[in-house]
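The values are calculated or read from the model by the stated rules, or taken from the named source; none is laboratory data. Predicted model, so just to flag it, every value in this text is computed and none were measured. FYI the Cβ positions are ideal-geometry reconstructions off the backbone, even for glycines, and counts take in every protein chain you see. Only protein heavy atoms, including side chains, enter the accessible area calculation; ligands, DNA and RNA are left aside. Shrake-Rupley method; radii C 1.70, N 1.55, O 1.52, S 1.80 Å.
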Amino acid sequence: MKQTTLKSLLLASPHAGPREQLVVSGIYTVAAVVIAGLVLYGAYYGGITALILRSVFFSLVSGAALAYFAIRQRHRVAKAALYCLSIIALVPGPYIWNAYIDIVMRGAMSIPQDVWIFVALMLVAFVFVWIAVGRALIVLMTLALLYAYFGYLIPGAYGHGGYDFSRLTSTLLLSTEGVYGTPMGVAVSYIFLFGLFGALLTKIGTGEVFVDIARGLTGRVQGGPGLSAALSSALLGSLNGSAVANVVTTGTFTIPLMKKVGYSAKLAGAIEAAASSAGQIMPPVMGAAAFLMAEIIGIPYAEVALAALVPALLYVLALMVSVRLEAGKLGLERDTDAGLILLVSTLRERGYLLLPLVVLIGLMMAGKSPTQAAVVGILAGLLVSPWKPGTRINLVDMVASCTETLTATMPIVAAVASAGVIIGVLNLTGMGLMVSSLIIELGGGNLWAILLLTALASFILGMGLPTSAAYLLLAVLVAPAMTQLGMEPISAHMFIFYFGLVSAITPPVALAAYAAATISGARPNETAFESMRLGFVKLLVPFLFVTMPGILLIGSALNVVLAITLATLATVSMSIGFSGWLRENLSPLVRSLFVIAAVLIAWPETVSNTSALVLGARGLGLLMLITLCFRIFSARNLLVSPKLL
């Protein structure tokens, strides 16, 4: 394993001189280490008041981020302005820390000095969000603040008395209902912490272990590199929860290997993009939105991760079935360097690198909080690293883990800060409840109409916003409407969560697909559309959360088993239909029959519904699937000519 050097800690910029680069890099590195220390202490020992912890965390992250952006600026005026804002960003956190007792004593009622701090915070937040995330959230933040201030000009039910700067300061700065609300708390307690856990395990080589395990399990199968890419990216994603990071990490190895055995550049990139996007839904470390979900619903994160397990496995199953069928259709080769020997040697020589992950999962199953489990998991990683020279890390590697985590979480922190402003205004004005009522009216009280509206809204927001921000807004505005119509809270939030993630592989955003296309050399949009075909389960499974909540492990044991069985059969049938190959090329008619069978098996009713229509539909779907497979594999007494298959 190649160890990190001090030179690699320098922030790269063609627009900074050596002295500026050294000073800013040093400040950024120190900030990253201090933030890591603050998060680790708060996670394991606690005792730091939420408002103080969150405000100091945001000051440090935003200050470091603005310096990070400043060093990359070409124009001197923009560079100087960002450096000034970087200094200003360091004020609100220490100010609240110092004045906390006084703030509590006056009931968070603001004074003129607080208002000036609030103005400075908003200025920092707007610039931070604009650079780190984009203009979409800036527009939403601006509309929220304008609505809060000028609401008295709006007639009717959607108007209000208006809130001046003093009241906005009290809500958005001096309480945990605004910038320093629950989303920021999740960023402090979970997102940065688990990001640090994933970065450390990557440093010690756990990611490479996942890749070799995947190659050992699937490499000897036809088209094995594609299966290895799907499995290894899903496994690695369970550590970092980032689709783009997965593509960059594993794609540099898996995409060339797939192309070597015969996959086209487009298909190789699409497989990697679709597989890497599984990281956001794969426990134990899912995307940032999963931690937010646990806090909003008010259940332990371990329950969210457990509920997400079966849908995530369905996604990986569908992807691997599709990849295997594509390999058969193209007549691809096997990975001759992989197989059982590689698997055994990997587990024997480097299997100990999986211990931190085992510790993390074991502690959460034992009832420990995710934060404590993550801290112990980090310590376990540091303990196993020195066992062999090849996995040994030094102090610079540990510092680099902190800086890499800070860089990776900056957009998320910006997103949750902006979401805090928007949600704070929605709660302050009561608009959140009114929007939920409006959604129920628009849907005519019909759950399926609301689900389609929600899916469309989630998809659109997911294109313009980070997953965490899109999820937060819909969780506040739409999820209450869904639960009012009878959905389980976890089902409603998972539905929003999944559709917000689809943008990673769907144009016009498709960041994971575009990153994979850069490595594979294919056209970005072609890669994105191909990854959509491979990752279709992300579009279909959310609707099963409504009809088959058993796949979220909700309900009796019988209902859970039935739901998982039916969902698995429907997923496989749909995968075959979309692929168009099973031993031989399938005709359009047969492909359509596989898709129809999948729809019938997943008939939109709960598994406990025993009406004649539901049982008949599912029975017909199962009969169609069994008959089609039997005819294809037996090749005897076919009603459909083998030439059509």
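One table, with the values for the structure above:
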{"read-out": "Using distinct alpha-carbon pairs, which all enter the 1/r mean, Kirkwood radius of segment 161-234 in Å", "value": "16.0"}
{"read-out": "More than 40 Å apart - percent of Cα-Cα pairs taken over the chain", "value": "31"}
{"read-out": "Electrostatic dipole magnitude of segment 491-645 [Cβ: Lys, Arg +1; Asp, Glu -1; Cα centre; debye, to 20]", "value": "380"}
{"read-out": "Rounded to the nearest 20 debye, dipole of segment 59-194 from Cβ charges on Lys, Arg, Asp, Glu", "value": "580"}
{"read-out": "Over the chain, relative contact order from alpha-carbon pairs under 8 Å, at least 6 apart, %", "value": "16"}
{"read-out": "Entries in 259/538; 7/538; 203/329; 7/368 that, when Cα-Cα distance is taken, lie over 32 Å", "value": "7/538; 203/329; 7/368"}
{"read-out": "Average accessible area per residue (Å²) across segment 119-159 - probe 1.4 Å, nucleic acids and ligands excluded", "value": "52"}
{"read-out": "Pairwise centroid distance, computed over Cα atoms, of segment 1-68 with segment 385-404, Å", "value": "17"}
{"read-out": "Qualifying aspartates and glutamates (Cα of each under 14 Å from Cα of residue 79; at least 8 residues distant if same chain)", "value": "20"}
{"read-out": "Of 119, 109, 67, farthest towards positive along the dipole that unit charges on Lys, Arg, Asp, Glu beta carbons give segment 1-126", "value": "67"}
{"read-out": "Cα-based helix-to-principal-axis angle, 112-132 vs the chain, degrees rounded to 10", "value": "30"}
{"read-out": "Span from the segment 288-343 Cα centroid across to the segment 555-594 one, whole angstrom", "value": "17"}
{"read-out": "Solvent-accessible area, 1.4 Å probe, carbon plus sulfur percent, for the chain", "value": "68"}
{"read-out": "Lys/Arg +1, Asp/Glu -1 at C-beta; segment 250-388 dipole; positive extreme among 291, 265, 383", "value": "265"}
{"read-out": "Projected area averaged over orientations for segment 402-528, convex hull of C-alpha atoms, nm²", "value": "9.3"}
{"read-out": "Per-selection Rg to Rh, segment 172-308 - Cα, Kirkwood hydrodynamic radius", "value": "1.09"}
{"read-out": "Accessible surface, per residue, of segment 22-118 when the full set of protein chains is kept, probe 1.4 Å, Å²", "value": "50"}
{"read-out": "Exposure of residue 15 as accessible area (Å², to 10), given a probe of 1.4 Å and all protein chains", "value": "70"}
{"read-out": "Cα-based equivalent ellipsoid of segment 60-216: semi-axis lengths in Å, sorted from largest, via gyration tensor", "value": "35, 20, 19"}
{"read-out": "Furthest towards positive pole of dipole, 247, 55, 98, structure part the chain, Cβ charges", "value": "247"}
{"read-out": "Point-charge dipole on Cβ atoms (K/R +1, D/E -1) for the chain, about Cα centre, debye to 20", "value": "1520"}
{"read-out": "P(r) histogram, all alpha-carbon pairs of segment 311-372 included - 10 Å bins from 0, percent", "value": "17, 22, 36, 19, 6"}
{"read-out": "Average accessible area per residue (Å²) across segment 336-475 - probe 1.4 Å, nucleic acids and ligands excluded", "value": "41"}
